[in-house]
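Asker: Sharing a structure here in structure tokens format.
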Amino acid sequence: MQEAGRTSADDSPVPGAATSTRRPGQRASRGRIAFYHVLLLGGLFLFWYVMTEPGLIPPFYFDDPTRAKFFFGQPIEVVKRIWTWFAGGSIYLHLGVTLIETLLAFAIGTALGLVLGLWLALSPTASSLADPYIKAMNAMPRVILAPIFAVWFGLGITSKVVFGVTLVFFIVFFNVYQGVKEVSPVVLANARMLGATGRQLLRYVYLPSATSWVFSSLHTSVGLAFVGAVVGEYLGSAKGVGYLIHQAEGVFDIDTVFAGILVLTMCALILDFIVTRIEGRLLVWRPRAAETERL
Amino acid sequence: MSTPALLLDRVTCAFASRERQGDRYTAVKDTTLAVGSGEFVSVVGPTGCGKSTLLNVAAGLLQPSSGDVRVLGQPLLGINRHSGYMFQAESLMPWRNALDNVIAGLQFAGVERGESKSRAQQWLGRVGLSGFEERYPHELSGGMRKRVALAQMLILDPEIMLMDEPFSALDIQTRQLMENELLDLWSADRKSVLFITHDLEEAIALSDRVIVLSAGPATRPIGEFAIDLPRPRDVNEIRLTPRFVELHTQIWHAMKDEVLKGYARSRKN
């Protein structure tokens with residue numbers, strides 16, 4: 001979870017430090033890469049189509065030509081299913097529930113991790129007392145808790161949020177803990193010499209340092225909040241994309257299962273994109289590798 | 001003599017050894033040191049002799065094992081609120097830009113944001129960094145970061161400036177520039193300065209008085225030299241004057257044995 005290159009930059013001046021400017025050469029190759037990305041995706045779908053369309057190629061593994069379709073679904077059917085979901089509007093409720101669960105789990109897990117991480121990092125007694133329990137809870141395969149939460153909190157949103165929180169919490173907690181421990185003693189002493197009280201140290205030194213570590217784990221924690229929501233839904237719920245997938249699986253509707261997986265993947269990508277944008281805005285002070293301009 | 005701005009009275013600092021229990025490492029022993037009001041005092045000594053320890057005691061960041069610290073005649077309790085501290089290592093908050101770093105002290109003191117901002121801008125101008133307000137520390141060169149740290153300290157108008165080899169990480173040209181700038185700023189409103197360095201030339205060029213420390217452990221002052229070079233000085237030119245060379249020879253003679261001792265000790269370990 002640690003990120004490389006967090007050490008302070010070397011002494012060399014970084015004139016301009018205009019790291020956001022892209023080289024013209026780079027942009028061109030980016031366009032090409034994007035083209036290949038699309039090509040690869042198209043190729044995969046084509047492969048999927050060719051392998052599963054009944055009668056298109058002579059059977060070589062399954063005796064029955066419709067068997068491949070049964071096991072792997074068909075891309076056209078999958079796309080059609082997604083289209084009906086979005087065009088008919090039936091998916092929005094489920095997607096909304098999943099996203100709300102994700103956001104709540106992320107927000108609550110982050111808040112708890114931040115508070116507890118700060119507290120334990122700053123209080124040696126509490127930290128040494130809690131240490132084995134934190135370690136044990138982190139080592140425990142927490143997915144197994146999902147059914148218990150379903151029993152405790154019912155099949156609604158709560159059980160998924162609680163489950164997601166248990167996943168997110170530890171990521172944030174360990175990062176905050178690390179962040180506080182990594183505060184440079186010189187920066188700390190300097191802030192004290194500048195007159196910072198204990199409270200101000202917490203607010204202006206420990207917290208910014210810790211949050212920077214939280215941001216660096218943002219991708220992981222948002223991703224895990226999403227996993228928590230979906231797995232929770234899958235194990236027992238009445239709404240959500242995980243629920244849709246579970247239902248479809250129950251009647252061997254593989255096309256719908258794949259459609260659900262694709263929708264989830266797209267959602268995860270969009271979340272990740274948003275996180276990247278937020279991260280870029282909040283961590284402007286981070287040293288990045290200097291980029292020279294090609295003339 | 002009037003009350004010194006800063007007085008370390010028979011200060012001893014001993015640290016419990018981390019490797020062997022019960023073992024004790026005495027960094028500083030029975031050191032008495034005074035900085036008069038408006039006086040620029042440098043402390044030189046071989047590496048690892050406990051110079052920084054002494055400064056941390058003066059800053060109130062470290063409690064001496066025994067002995068007293070007096071600031072403007074008052075015994076020091078906790079952090080030394082009358083002093084600013086310039087560290088050897090990077091001390092700026094990396095998540096704040098230059099302006100916000102300079103503001104920090106005023107912010108902690110509860111000064112209104114608009115006012116502190118304009119004062120910080122003035123100070124950045126005074127250390128030659130106008131136009132660099134929005135830069136983050138990693139976007140500044142080493143010398144610029146030192147200037148920000150200097151402005152950050154001076155904006156609080158401390159009566160005493162404690163400086164721990166502040167320019168030792170800089171290249172020689174930048175360093176001489178910074179030394180001249182420091183002298184300019186200092187001569188504007190003569191603060192009391194306790195300047196730690198291992199560089200004898202720097203010490204002589206800047207100071208009114210140079211104190212030589214013995215090699216550690218159990219460091220103590222072994223010599224004190226008044227520097228009677230005329231002010232204002234230019235650190236480049238002053239190095240070439242006969243009186244400078246004379247003082248240098250004299251102090252170096254007193255230091256040499258200690259430096260060799262410190263060197264031998266560091267080779268043994």
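Asker: Through the Karplus equation 6.51 cos²θ - 1.76 cosθ + 1.60, θ set to phi - 60°, convert the phi angles of the stretch A:73-84 into ³J(HN,Hα) values in whole Hz; use x for Gly and Pro.
Answerer: Ordered by residue, 3J(HN,Hα) equals x, 10, x, 5, 4, 4, 5, 4, 4, 4, 4, 4 Hz.
Asker: Another one. Quick one: Cα centre-to-centre distance for the stretch B:166-183 and the stretch A:177-216, in angstrom?
Answerer: 28 Å
Asker: Working from the alpha-carbon coordinates of the stretch B:88-157, get Rg over Rh, Rh being the Kirkwood radius.
Answerer: 0.92
Asker: Further, regarding this structure: What residue among A:Thr197, A:Thr220, A:Thr276 has the largest mean-square fluctuation in a Gaussian network model of chain A, using Cα springs under 10 Å?
Answerer: Highest fluctuation among the options: A:Thr197.
Asker: On a straight-distance basis, which lysines could pair with A:Lys239 in a cross-link, Cα separation under 30 angstrom, same-chain partners fewer than 8 positions away excluded?
Answerer: Once the sequence-local lysines are set aside, what remains near A:Lys239 is A:Lys69, A:Lys80, A:Lys160.
Asker: For the stretch A:252-269, take each phi angle, set θ = phi - 60°, evaluate the Karplus expression 6.51 cos²θ - 1.76 cosθ + 1.60, and give the result in whole Hz per residue in order, putting x for glycine and proline.
Answerer: 6, 8, 5, 4, 5, 4, 5, 4, x, 4, 5, 4, 4, 4, 4, 4, 4, 5
Asker: I want to check the label-to-label distance for A:Ser29 and B:Val111. Put each point 7 Å from Cα in the C-beta direction and report it in nm to one decimal.
Answerer: Distance between the two pseudo-spin positions: 4.9 nm.
Asker: Please arrange A:Arg32, B:Arg135 by counting, for each residue, the other beta carbons lying within 10 Å of its beta carbon, fewest first.
Answerer: The fewest-first ordering by Cβ neighbours comes to A:Arg32, B:Arg135.
Asker: Taking H as built 1.01 Å from N, whose amide H comes closer than 5 Å to the amide H of B:Leu6, not counting residues under 5 places away?
Answerer: Placed amide hydrogens put B:Val35, B:Leu72 under 5 Å from B:Leu6.
Asker: What are the residues whose amide H is under 5 Å from the amide H of B:Thr219, where those residues sit 5 or more places off or on another chain and H is modelled from the backbone?
Answerer: B:Val28, B:Lys29
Asker: Also: For the stretch B:178-192, what does the Karplus curve 6.51 cos²θ - 1.76 cosθ + 1.60, with θ = phi - 60°, yield as ³J(HN,Hα) per residue in whole Hz, taken in order and with x for Gly and Pro?
Answerer: Computed from phi, the couplings for the stretch B:178-192 are 5, 5, 5, 4, 4, 4, 4, 4, 5, 5, 5, 8, 2, 8, 7 Hz.
Asker: Please order B:Lys261, B:Lys51, A:Lys160, B:Lys29 by the number of other Cβ within 10 Å, starting at the fewest.
Answerer: B:Lys261, B:Lys29, B:Lys51, A:Lys160
Asker: Now a separate question. When we measure straight from the Cα of B:Lys51, which lysines land under 24 angstrom away, once same-chain ones fewer than 8 places off are left out?
Answerer: Straight-distance partners of B:Lys51: B:Lys29, B:Lys146, B:Lys191, B:Lys256, B:Lys261, B:Lys268.
Asker: If you don't mind, another one. Considering Cα pairs under 8 angstrom that are at least six residues apart, work out the relative contact order of chain A and quote it in whole percent.
Answerer: Once divided by the residue count of chain A, the mean separation gives 25 percent.
Asker: If you average the sequence gap of Cα pairs under 8 Å that are 6 or more apart and divide by the length of the stretch B:88-157, what percent do you get for the contact order?
Answerer: Here the relative contact order equals 47 percent.
Asker: Next question. Based only on other Cβ atoms within 10 Å, what is the fewest-to-most ordering of A:Ser159, A:Ser184, B:Ser2?
Answerer: Ranking A:Ser159, A:Ser184, B:Ser2 by Cβ neighbours within 10 Å, fewest first, gives B:Ser2, A:Ser184, A:Ser159.
Asker: Please list, by residue number, every one of the GluC sites (Glu not before Pro) in the stretch B:150-240 that is coil in DSSP and has at most 11 other beta-carbon atoms within 10 Å.
Answerer: Sparse-neighbourhood loop GluC sites (Glu not before Pro): none present.
Laboratory data are not the source of any read-out in this text; all were calculated from the coordinates shown. As the structure is a computational prediction, the values presented were derived from the model and not from experiment. In this analysis, Cβ positions are derived from the backbone assuming ideal geometry, glycine residues included, and neighbour counts consider all displayed protein chains.
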